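Down below is the structure, laid out as structure tokens.
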Amino acid sequence: MVTATERDEMTWYQCEACGLLFDDPDDAEQHEEHCDAEDPSYLQ
């Protein structure tokens, strides 16, 4: 599930599985469909 959070006067969408933040809710939902809930291999 994607949750919305306010940060730096913007709304960010967070993948609950891994914690990665997105500025677009569609991107967040697409990521979450393929997220393996492990730490991402790139820096957040």
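The values are calculated or read from the model by the stated rules, or taken from the named source; none is laboratory data. From a predicted model like this one, the values you see are computed outputs, not experimental measurements. We place every Cβ from the backbone using ideal geometry, glycine too, and count neighbours over all the protein chains shown.
For region 8-20, the criterion of being touching a helix residue (DSSP H, G or I) at 6+ places or on another chain (Cβ under 6 Å), surrounded by 13 or more Cβ atoms within 10 Å (Cβ to Cβ) and at pLDDT 90 or above is met by at least one residue. Pairing residues of region 1-24 that are closer than 21 Å to D36 by Cβ with residues that are exposed (fewer than 11 other Cβ atoms within 10 Å of the Cβ) and aliphatic (A, V, I, L, M), at Cβ distances under 6 Å and at least 6 apart in sequence or on separate chains, gives Y13/A4; E16/M1; A17/A37; C18/A37. Within region 15-31, the set of residues being hydrophobic (A, V, I, L, M, F, W, C) and part of a helix (DSSP H, G or I) comprises A28 only.
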